[in-house]
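Okay, so here's the structure we're looking at.
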Amino acid sequence: MKLFTAFKLACFGLWSNRYRVLSAMTGVVIGMFAVIVLTAIAIGVKDTLMKQMGSLGAEQILVMPGRVLDTANGQKDILSGLTSVPSTLTYEDALALKDVPNVKTVTPQLETVNFVNYGDKTIQSAIVGTTDQYSRVQHAKLAEGRFFTKEEQFAEAKVVVVGNNIHDSLLGKNGVPEPEVNGSADVEETKTWWKRILDKLLGDNVSAQENSLVGQMITINKESFEVIGVLAPNATLGSSTDNNVVMPIETALVTTEMKNLTKMIVETSSLEVVDEVDGAVFNSLAANHSEIDFSVVKQDQMLGALGKVTSILQVMLVGITVTALFISGTGIMNVMVMSVRERTREIGIRKALGATTFEIMMQFFFETLLLCIIGGAIGIGLGYAIIEVWNSNIEIFALVLPMWAVKLALYTSVAIGSLVGIYPALKAASMKPSKALRFE
Amino acid sequence: MIELKDVRKHYRSGNLKSEVLRGVNLQVKKGEYVAIMGKSGSGKSTMLNLLGTLDVLDAGEYKLAGKSVHKMRRGKRVRLRNEEIGFVFQHFQLIPNLSVFQNVLLPLTYGRKRLGKKKGRVLTLLDEMGLLDKRNQKPDRLSGGEKQRVAIARALVNEPGLILADEPTGSLDEETTESILSVFDRVHEQGATIVVITHDLEVAERADRILRLHNGVLV
Ligand SMILES: Nc1ncnc2c1ncn2[C@@H]1O[C@H](COP(=O)(O)OP(=O)(O)O)[C@@H](O)[C@H]1O
Ligand SMILES: [Mg+2]
């Protein structure tokens, strides 16, 4: 067997047809590029979600409005509870939970949307009423100033801590057009993540230190509030605090119409009592509600829900990969079949000069295989480069490319190459030399 | 060297069966130079392909250098073709994206002998054909006569006992025809057996013996 000769001939064949080969390779390149980048996005999304949802600590319990359904296998389907339902949870419920044994803190959150005004700027913002524990429980760091104290909370102090985006928008730092106050509510007043990316890329970034709202008065619902702190940007999707204005819950109850809580975070005194407290919290709430219109969720249940999100992402990924492979695979096969046809005479000549069927077969098989591997490697390299560029420029949302994905992509290009290489190789090998030489 | 006994070959296209060779008998001695003439479509190329083991006969016997080719398995036939037979075709049949040197080297790459020392033989042959300075060029940069000399060098590189030429001068003008024919003379003098197919009586007359293919038989 002259495998090495066939391999050398394949390399040479590719090289002497390099322009055609390049165009054939684009399919694999794009396919593998897509697989790599999409994997990185999917895993990045998963990790981000993990950070965000998993920010519920192991010793914390989340109380949400709405009833979480139990799935067939007895697990709680937390995603079903994420759809918005009118909340019946009240501040009284939260206060009652404080008396449950082994409860360390209860952090209720009221939430509404309202207009916030500073100078000539008016923007729409999420207003959150909560306790002094919020920044700790939500892992929200302060960029400037301070968070409100327990004393301020119970004194119904008119103080607010603003999210990073709200802060910059009120100071007119991020070029967001002023909203029409009488306009529709769904206009995006605050900066979206992609706008921030754009700013970042354009270098249009203004440091928060230059100009600060701390110590200034802003107006919400015709009442004046003093800004005492600014939350640091926090890079989680969805529940980011960047677009929030946070005030003491006592203040919120008297200055707004809000009554019902969007969620409560119950902190237990230790990990060992979580299960026990979970039941007690449920019972305490049930005693004050006519029906079970709330949910009590622990971290492990949250992680179970994340598992579901992850499996959806995985199914998506498999789908994308299979599509990419199918497209690039058929593309390569077409090109190789064409190449075999065009080189009929070459095949005839080689056979006349003593090439065996096996040698011809291996020559074309290796050509396809190499084409796929080289194309795959280029696609992987390009994908990797894009991910690197993204990650070194954009902090909001990190793309994560695990080694297994690179290996998988490489193995798959070998697999497609092998699979798709069989047909053209057999076609080439089965040509009769006497006929092939007559081919014009 | 060559012995054909009652060789038959037909082609089938659709349900139309055309019998091209209807009992060909031929004996060529070692070192003999034989020309085969015949009208276009009379089956000359078909016969040459059988002699060159590029195709298999339907019936009859073919012995080459004492071996029964018609009984051989494909693998053995391929080796015999590589080691014992050199082809020269009307349309040169050079591989366009290989250089002159690489084209001549081809039979050696498929041979069983080690390549290393054989490269010298390629250069010697190219030198004999006056093509040494063109060894790195692609075939499409050469004239017809040069192309055919590359093809002859390639046919000779494995030192085969039998040279089969199918209208080797069919695409050449008179002057180049003469130069190619003198190459054949030289190869013949060195002891090779040559079977050449031609339309051209002048070409055929250089051979020791002229045969005609007519109605599927040799006369
Ligand atoms: N591979 C083939 N399939 C079908 N018919 C063929 C094939 N090769 C040759 N023929 C037919 O066989 C006849 C003889 O062809 P050929 O041997 O090429 O003749 P020559 O070389 O004498 O011109 C022609 O009629 C040709 O059309
Ligand atoms: Mg012919």
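Coordinate-derived values only; no laboratory data. Fair warning: this is a prediction, and the values are worked out from it, not measured in the lab. No Cβ is skipped: glycine too gets one built from the backbone with ideal geometry, and neighbour counts run over all protein chains shown.
Decide, for region B:29-102, between rounded, prolate and oblate: order the square roots of the alpha carbon gyration tensor eigenvalues as a ≥ b ≥ c, take rounded if a/c falls under 1.5, and otherwise choose prolate if a/b is larger than b/c, else oblate. Oblate.
Can you work out the base-10 log of I(q)/I(0) for region A:259-304 at q = 0.14, 0.20, 0.22 1/Å, using the Debye formula on its C-alpha atoms alone? Values returned for q = 0.14, 0.20, 0.22 Å⁻¹ are -0.38, -0.75, -0.89.
Here the protein assembly as shown is treated with +1 on each Lys and Arg Cβ and -1 on each Asp and Glu Cβ, and its dipole about the Cα centre works out to around 6000 debye.
The calculated FRET efficiency for B:Ser143 paired with A:Lys8, based on their beta-carbon distance and R0 = 41 Å, is about 0.85.
Ordering B:Gly66, B:Ser45, B:Val34 by Cα displacement along the dipole of chain B toward the positive end leaves B:Gly66 in first place; charges were set at the Cβ atoms of Lys, Arg (+1) and Asp, Glu (-1). For chain B, the pair-distance distribution built from all alpha carbon pairs, in bins 5 Å wide starting at 0, is 1, 7, 15, 19, 19, 16, 12, 7, 3, 1, 0 percent. Annotation for region B:54-101: trypsin sites (Lys or Arg not before Pro) lying in DSSP loop with at most 11 further Cβ atoms inside 10 Å of their Cβ are B:Arg73.
Distant-in-sequence amide contacts of A:Thr88, defined by a placed amide H-H separation under 5 Å and a gap of 5 or more residues or a different chain, comprise A:Gly66. Within a straight-line Cα-Cα reach of under 20 Å, A:Lys222 can be paired with the following lysines, leaving aside sequence neighbours fewer than 8 residues apart in one chain: A:Lys121, A:Lys158, A:Lys259. Projected over all directions and averaged, the alpha-carbon convex hull of region B:3-46 occupies 3.6 nm². For region A:290-440, the direction-averaged projected area of the alpha-carbon convex hull comes to 14.7 nm². How far is helix B:74-84 tilted, in degrees, relative to the longest principal axis of the Cα atoms in chain B, given as a value from 0 to 90 rounded to the nearest 10? Taking Cα atoms only, the helix is inclined about 50 degrees. With R₀ fixed at 35 Å, the C-beta to C-beta distance from A:Ser392 to A:Thr323 puts the FRET efficiency at about 0.75. When Rg and Dmax are taken over the Cα atoms of region B:35-156, they come to 16.1, 47 Å. Give the shape of region A:330-405 as rounded, prolate or oblate, defined through the alpha-carbon gyration tensor: a ≥ b ≥ c are the square roots of its eigenvalues, a/c under 1.5 means rounded, and otherwise the shape is prolate if a/b is larger than b/c and oblate if not. Prolate is the answer for region A:330-405, as a/c is 1.5 or above and a/b outweighs b/c. Prolate is the label for the protein assembly as shown, because a/c, from the alpha-carbon gyration tensor with a ≥ b ≥ c as root eigenvalues, is 1.5 or above and a/b exceeds b/c. Here the convex hull built on the C-alpha positions of region A:295-351 has a volume of 70 cubic angstrom per residue.
Kirkwood analysis of the Cα pair distances in region A:210-369 returns a hydrodynamic radius of 24.1 Å.
At a Förster distance of 41 Å, what's the computed FRET efficiency of B:Lys76 paired with B:Leu201, Cβ-Cβ distance as r, to 0.05? Here the calculated transfer efficiency is 0.65.
How big is D for region B:97-219, in µm² s⁻¹ as a whole number, if Stokes-Einstein is applied with the Kirkwood radius of its Cα pairs at 4 °C and 1.567 mPa s? The estimated diffusion coefficient comes to 84 µm²/s. Simple point charges give the picture: +1 on the Cβ of Lys and Arg, -1 on the Cβ of Asp and Glu, and for region A:251-354 a dipole about the Cα centre of about 1440 debye.
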